[in-house]
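The values are calculated or read from the model by the stated rules, or taken from the named source; none is laboratory data. This is a predicted model, so every value here is computed, not measured. A quick note on method: Cβ atoms are made from the backbone with ideal geometry, for glycine too, and the neighbour counts reach across all protein chains shown. To get the accessible areas, we keep the full protein, side chains included, count just its heavy atoms, and leave off ligands, DNA and RNA. Shrake-Rupley method; radii C 1.70, N 1.55, O 1.52, S 1.80 Å.
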Amino acid sequence: MTYETALSNGKKVLKDAGIMECDLDAWYLMEYVCKIDRSWYYLHNFEEMEEINYQEYCLLLKKRSERIPLQYITGSQEFMGLKFKVNSHVLIPRQDTETLVEEAVKRLEAGMEVLDMCTGTGCVIISILKQKKIVATASDISKQALLLAKENAKKNQVEVNLVRSDLFNNINGRYDMIVANPPYIPTGVIGTLMPEVRIFEPIEALDGKEDGMFFHREIIQNGRRFLKSNGYLCLEIGHDQGGRTAFLMEEHGYRNIKVIKDLAGNQRVVCGNLPAVK
């Protein structure tokens, strides 16, 4: 079995299973199993693939055909140009969330203290740390998520203080910024999501309760007590939650509120700050 034939078969297997990105995923799985890149492949595509690699490739194609996310199979996902370990205990980092990092970085200065809530893999706070010299704290209710965030911080050579907390329950001190990508999908919508998401990604990282806004309300209302004067709150939101989130922030005294769209043109982030104490 040559590499070219194996790849062609892989694409067909995934296409027949209804995988939208069948060509890309077939390649990524081959790249992962054989530890090769595109340049190597085009120089050796007519050579025989090692049998042990082919058997593993077929096994991983089967897993992907069962709609297990590619990232859970390879254990890795790129975000903001960095590599992050992922597993089934955390939400897979998505490109949309890069908007949250970009907006946070715009408002930060060196030495500021930042709290990242619902940190998951730690991709948001770690990506911020790679761009700004801040004092970073990250929290999550999941012990497994925090263990993974610790690994990712070490892998990307940054320091983060990790706290296990159900929202603000175990949080102390005040911060110049609170940043969060909380669960925001309405409970009733979860059943309509792709199998990769609704079956395999952790429900607690997706479910924003009845209207998807439960965690936004909690963070907006209680975040005031943990923000310094002029402190910022930056939240990732669902595509139709910008107006409601901005209204809630205004109700609770935040100012300079902005709803920011992602590269696809969808509402993605809401930022605002508390008025400075004179």
For region 101-123, enumerate the residues that are open to solvent by less than 40 Å² (accessible area, probe 1.4 Å), in a loop (DSSP other than H, G, I, E, B) and without any contact (Cβ under 8 Å) to a residue 60 or more places away in the chain.
-> T119, T121, G122
Could you tell me whether any residue of region 147-155 is open to solvent by 20 Å² or more (accessible area, probe 1.4 Å), among the basic types (K, R), touching a residue at least 40 places away in the same chain (Cβ under 8 Å) and not in a loop (DSSP other than H, G, I, E, B)?
-> yes
Going through region 233-266 in order, the residues found to be under 15 Å from A180 (Cα atoms) and open to solvent by 50 Å² or more (accessible area, probe 1.4 Å) are V259
Taking region 44-55, which residues are in a helix (DSSP H, G or I) and either among the polar types (S, T, N, Q) or under 14 Å from L7 (Cβ atoms) (or both)?
-> H44, N53, Y54, Q55
Could you grab me the full set of residues in region 89-100 that are within 25 Å of G265 (Cα to Cα) and either basic (K, R) or part of a loop (DSSP other than H, G, I, E, B) (or both)?
-> L91, I92, P93, R94
Are any of the residues in region 93-108 of a type outside the set (D, E, K, R) and touching a Gly at 6+ places or on another chain (Cβ under 7 Å)?
-> no
When restricted to K63, K35, K83, the only residue of a type outside the set (S, T, N, Q), in contact (Cβ under 8 Å) with a residue 24 or more places away in the chain and open to solvent by 60 Å² or more (accessible area, probe 1.4 Å) is K83
Look at I68 and say whether it is surrounded by fewer than 21 Cβ atoms within 10 Å (Cβ to Cβ) and in a loop (DSSP other than H, G, I, E, B).
-> yes
Before we move on, is P183 surrounded by 15 or more Cβ atoms within 10 Å (Cβ to Cβ), under 19 Å from N266 (Cβ atoms) and of a type outside the set (F, W, Y)?
-> yes
Condition met for V158 (among the hydrophobic types (A, V, I, L, M, F, W, C), within 17 Å of V101 (Cα to Cα) and either open to solvent by 40 Å² or more (accessible area, probe 1.4 Å) or under 18 Å from the mean Cα position of the chain (by Cα) (or both)) | yes
